[in-house]
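Report on one structure; see the data block that follows.
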Amino acid sequence: MGNKMKNTVLVVEDEHDIRELLEYNLTRDGFNVRAVETGEQALSAVTTMPPDLILLDLMLPGIDGLQVCRRLKSDAATANIPILMLTAKDEETDVVTGLELGADDYVTKPFSPKVVVARARAVLRRLSEPVHGEDEVLNFDQMTIHPGRHEVLVDGKLIDLTNSEFRILHHMARRPGWVFTRYQLVDAVHGEKHAVSDRSVDVMIVGLRRKLNDCGNYIETVRGVGYRFRT
Ligand code: CA
């Protein structure tokens with residue numbers, strides 16, 4: 001008792017300097033760290049000893065990061081291990097793909113190791129928090145969301161939202177801090193395989209922000225990727 005349980009993190013990164021930097025900083029922050037260089041090594045490391053979190057570089061020789069992500073998320077034994085992607089600046093399309101495959105978050109290179117450590121902690125913290133139930137009333141400073149009544153109040157005043165606007169807002173507000181791609185938001189509103197364009201999500205967000213007034217800034221744009229409800 002009294003011993004803080006150490007989280008194990010698997011770092012998958014082919015660049016030696018970055019791998020060492022992450023190993024050093026994560027270890028110093030109290031993680032048990034294992035580090036590998038390739039996708040193949042990552043898959044076998046996860047199978048032999050599942051970590052609590054994976055830091056996954058996307059650009060790897062051989063099996064790349066997205067393929068590693070796809071394999072882990074499609075296997076029930078490994079699907080629940082959170083993945084924090086490490087990406088280059090011009091890899092926004094891959095970030096979107098990764099998030100839709102089930103990765104939890106991403107950090108863009110070049111990064112400060114402090115930011116990576118903070119993100120890793122944030123992912124683990126968010127996963128340990130219970131997700132708000134479908135019908136649970138959500139209270140924020142000036143805003144209240146009543147799922148049962150399909151109502152949003154800002155400063156006590158009822159906001160007139162369309163059904164789609166309400167569902168998008170509610171979907172994000174249930175998981176503050178998580179990044180959602182446009183496609184994931186379309187899914188949330190219309191169910192899977194619905195033919196709604198990415199653009200229509202942007203239009204709905206514009207409408208939502210306008211109607212929410214001051215509370216519109218709860219909805220953050222994550223450039224090139226999607227949206228997130230501010231924590
Ligand atoms: Ca790389």
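The values are calculated or read from the model by the stated rules, or taken from the named source; none is laboratory data. Computed from a predicted model, the values in this text were never measured in an experiment. Positions of Cβ are generated from backbone atoms using ideal geometry, with glycine treated the same way; all protein chains shown enter the neighbour counts. Areas reflect the complete protein model, heavy atoms only, side chains present, ligands, DNA and RNA absent. Shrake-Rupley method; radii C 1.70, N 1.55, O 1.52, S 1.80 Å.
Things to note:
- Every condition in (1) closer than 30 Å to Asn25 by Cβ; (2) of a type in the set (Gly, Ala, Ser); (3) open to solvent by less than 30 Å² (accessible area, probe 1.4 Å); (4) touching a helix residue (DSSP H, G or I) at 6+ places or on another chain (Cβ under 9 Å) holds for Ala122 except the one numbered (4).
- Flag if Ala122 is outside any strand (DSSP E or B), free of Cβ contacts under 8 Å to residues at least 12 places away in the same chain, in the same structural domain as Pro51 (by TED's automatic domain parsing) and within 22 Å of the chain's Cα centre (by Cα): no
- Of all residues making up the stretch 97-116, the number that are among the hydrophobic types (A, V, I, L, M, F, W, C) and surrounded by 21 or more Cβ atoms within 10 Å (Cβ to Cβ): 3
- So Val123, is it more than 16 Å from the ligand (Cβ to nearest atom) and under 16 Å from Leu10 (Cβ atoms): yes
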